[in-house]
Amino acid sequence: MWGGRFAEGPDAIMEEINASIDFDRKLYRQDIDGSKAHVRMLAAQQIVAGEDAEKIVHGLDTILSEIEAGTFAFSRALEDIHMNIEARLAELIGAPAGRLHTARSRNDQVATDFRLWVRDTLDTLDAQLGELMRALAEKAEQHAGDVMPGFTHLQSAQPVTFGHHLMAYVEMFSRDRGRVRDARKRMNESPLGSAALAGTSFPIDRHATAAALGFDRPTANSLDAVSDRDFVIEALSAASLCAMHLSRLAEEIVLWCSAQFGFIRLSDKFSTGSSIMPQKKNPDAAELVRAKTGRIYGALHALLVTMKGLPLAYSKDMQEDKEQAFDGLPSLSLALAAMTGMVRDLTPDTRRMKKAAGSGYSTATDLADWLVRVLGLPFRDAHHVTGRIVALAVERGIELHKVPLSDMQGVEPRITAEVFSVLSVDKSVRSRTSYGGTAPANVRKQARRWLKALARN
């Protein structure tokens with residue numbers, strides 16, 4: 001492609017390090033769409049003849065069919081997807097193929113292709129996040145009143161409901177979905193027509209190509225357009241946050257499936273066995289979702305390091321952006337699909353969860369609140385009284401609601417038998433009626449609100 005300047009071909013090692021066709025062939029559809037929009041604009045601007053533009057479009061459609069049929073012969077000697085398509089186009093239609101590259105460079109071409117691919121991927125992730133949120137909200141509505149332990153420091157803290165716990169993840173993933181949509185909106189500008197770095201002297205219509213490719217507008221600065229990879233970094237940043245949330249939920253599924261917790265069961269669809277221990281049923285899908293997080297973080301970090309020292313405009317270092325995105329973003333997509341499947345598949349053991357919810361003196365805060373509300377103690381005093389009563393229970397190896405009234409009165413004489421009405425886990429969760437609290441009525445309301453919103457979008 002540059003034989004006029006170079007007398008010799010590249011060394012084999014140079015060809016090996018320089019070629020990107022092994023991975024950037026993923027951009028074939030976006031490359032063809034961008035080329036069709038470009039050549040149609042060239043014809044509309046009378047930069048190329050309409051007849052040549054028609055031949056180019058027809059040839060590109062033929063190439064698209066060949067690639068999708070698996071008959072297209074990719075060549076590493078042609079470096080990348082752009083030159084592979086252009087070379088095949090020349091074979092198909094001859095000289096008119098050479099007019100396609102008028103008023104553009106591979107620099108703006110790859111930037112356009114890559115934006116289109118990332119945009120398509122963000123749309124997929126957006127839809128997948130909606131499905132995961134729907135699965136969580138549906139399960140939460142079903143189990144809005146089923147009590148489980150709420151934890152801090154992985155120690156029993158206060159009773160909550162299983163539905164409330166699941167709705168916490170709906171909120172997390174809603175923020176992830178917002179970040180995905182923000183990233184898509186910010187990146188939706190077309191670099192096409194920026195050429196190598198300085199624009200072009202041809203009378204092109206960049207607004208026309210931007211509209212044809214579904215962009216909101218063309219990029220405003222040609223230097224920035226060809227050297228910007230913020231859109232990939234932002235997508236991977238959003239993906240990393242989402243992966244972190246997925247990993248937290250995956251970790252809880254792993255814990256909940258263990259014999260020590262026994263809070264949920266996963267079917268055979270999302271579990272595996274052991275080659276040596278026949279009794280084992282492992283939550284491998286959740287473990288692999290947890291592990292995918294590292295790959296996504298790695299993709300983000302690798303691209304940040306690649307870009308941090310690059311002067312304007314394009315440098316070949318930026319070829320390293322593709323593999324990071326091609327690994328990181330599909331890894332998130334797979335993790336989202338797996339998590340959605342697990343959420344729909346899991347069956348909670350509500351009796352075991354409820355039993356665990358009452359352990360660890362989890363209604364101690366309810367006792368303190370009762371002392372404040374009924375006896376008028378300052379909360380810090382109530383906290384101290386409750387702590388002493390819990391210490392009695394620990395000393396005797398009994399649960400809080402089994403401490404005799406007389407022993408409680410030995411700590412605070414004004415305590416009456418009414419106190420036992422707040423020490424059950426069911427009454428504890430029903431009392432948490434503040435906005436965002438775990439009361440079953442709250443959970444049902446929030447779940448239905450989200451399901452209604454998700455049905456609209």
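The values are calculated or read from the model by the stated rules, or taken from the named source; none is laboratory data. Fair warning: this is a prediction, and the values are worked out from it, not measured in the lab. Cβ atoms come from the backbone with ideal geometry, glycine included; neighbour counts cover every protein chain shown. Only protein heavy atoms, including side chains, enter the accessible area calculation; ligands, DNA and RNA are left aside. Shrake-Rupley method; radii C 1.70, N 1.55, O 1.52, S 1.80 Å.
Can you name the residue in segment 362-397 that is β-branched (Val, Ile, Thr) and touching a residue at least 60 places away in the same chain (Cβ under 8 Å) and is also most open to solvent (accessible area, probe 1.4 Å) among such residues?
Only one residue tops the list, namely 365.
Consider segment 270-286. How many of its residues are at pLDDT 75 or above and not in a helix (DSSP H, G or I)?
Residues in segment 270-286 being at pLDDT 75 or above and not in a helix (DSSP H, G or I): 3 in total.
Regarding residue 359, is this residue modelled with pLDDT under 95 and either closer than 30 Å to residue 142 by Cα or crowded, with 16+ Cβ neighbours inside 10 Å (or both)?
Spelling it out, residue 359 is indeed modelled with pLDDT under 95 and either closer than 30 Å to residue 142 by Cα or crowded, with 16+ Cβ neighbours inside 10 Å (or both).
Mind counting the residues in segment 328-354 that are in a helix (DSSP H, G or I) and more than 13 Å from the chain's Cα centre (by Cα)?
10
Quickly run through segment 58-82 and pick out the residues that are farther than 26 Å from residue 316 by Cβ and polar (S, T, N, Q).
Within segment 58-82, 62, 65, 71 qualify.
Considering only segment 400-457, give the helices (runs of 4 or more DSSP H) lying wholly within it that have at least 1 residues that are among the aliphatic types (A, V, I, L, M), without any contact (Cβ under 8 Å) to a residue 60 or more places away in the chain and open to solvent by 40 Å² or more (accessible area, probe 1.4 Å).
Result: 405-411, 440-456.
Go through segment 117-156 residue by residue and tally those that are open to solvent by less than 30 Å² (accessible area, probe 1.4 Å) and of a type in the set (Gly, Ala, Ser).
6
So is residue 70 open to solvent by 40 Å² or more (accessible area, probe 1.4 Å), at positive phi and not assigned by the TED database to the domain that holds residue 189 or not?
Taking the combined requirement at face value, the residue satisfies it.
Consider only pairs whose beta carbons are under 8 Å apart and that are at least six residues apart or on different chains; among these, list those whose first residue lies in segment 130-153 and is of a type in the set (Val, Ile, Thr) and whose second residue is open to solvent by less than 10 Å² (accessible area, probe 1.4 Å).
That search, which allows pairs on different chains as well, returns 147/159; 147/161; 147/162; 147/353; 147/357; 147/429.
Which residues, taken from segment 217-272, are touching a strand residue (DSSP E or B) at 6+ places or on another chain (Cβ under 7 Å) and surrounded by fewer than 20 Cβ atoms within 10 Å (Cβ to Cβ)?
Across segment 217-272, the qualifying residues are 217, 265, 271, 272.
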